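First the structure, in the form of structure tokens, and then the observations on it.
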Amino acid sequence: MGTRSSQQLSTDLAYGVGLIRLLLSRPSVMLLDAPLSVLQSEQADRLLSYLQQQRGAITTLLVSDDPRLMAVADYVVLMRDGAVVFKGTPAELVSKQTASP
């Protein structure tokens with residue numbers, strides 16, 4: 001990459017640089033909006049692994065429609081058309097969906 005600034009990078013690459021900067025700053029709280037959406041599969045797997053390792057150490061609010069993030073969630077709020085349709089643990093959500101006809 002040389003000496004290019006993040007303003008000269010593609011949107012996806014700039015997002016990745018921003019995410020790396022955030023993670024290197026060791027925040028106590030993170031808000032991530034669709035964090036896996038612009039990452040390639042291997043990068044997304046690495047981020048999921050990192051988030052799993054940091055459970056309990058970093059308070060993280062994830063906004064996403066990607067079900068893979070439930071693996072790192074302690075609590076889920078499911079919204080549909082702007083209304084909350086479920087609140088609970090990922091296991092409770094899976095159980096509810098399995099029990100629904």
Only one residue in V94, V63, V76, V72 is touching a Gly at 6+ places or on another chain (Cβ under 7 Å) and surrounded by 12 or more Cβ atoms within 10 Å (Cβ to Cβ), so which one is that?
V76
In region 54-87, how many residues are closer than 22 Å to L22 by Cβ and of a type outside the set (D, E)?
18
V17 - would you say it is surrounded by 12 or more Cβ atoms within 10 Å (Cβ to Cβ) and within 10 Å of the chain's Cα centre (by Cα)?
no
Give the number of residues within region 65-101 that are touching a helix residue (DSSP H, G or I) at 6+ places or on another chain (Cβ under 7 Å) and outside any helix (DSSP H, G or I).
4
Looking only at region 28-64, count every residue that is within 21 Å of L13 (Cα to Cα), outside any strand (DSSP E or B) and of a type outside the set (A, V, I, L, M) and tell me the total.
11
Could you count how many residues in region 6-21 are of a type in the set (A, V, I, L, M, F, W, C) and either under 10 Å from L39 (Cα atoms) or at pLDDT below 80 (or both)?
2
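The values are calculated or read from the model by the stated rules, or taken from the named source; none is laboratory data. Everything numeric in this text was worked out from a predicted model, so none of it was measured. Quick reminder, even Gly has a Cβ in these numbers, built from the backbone with ideal geometry, and neighbours come from all protein chains shown.
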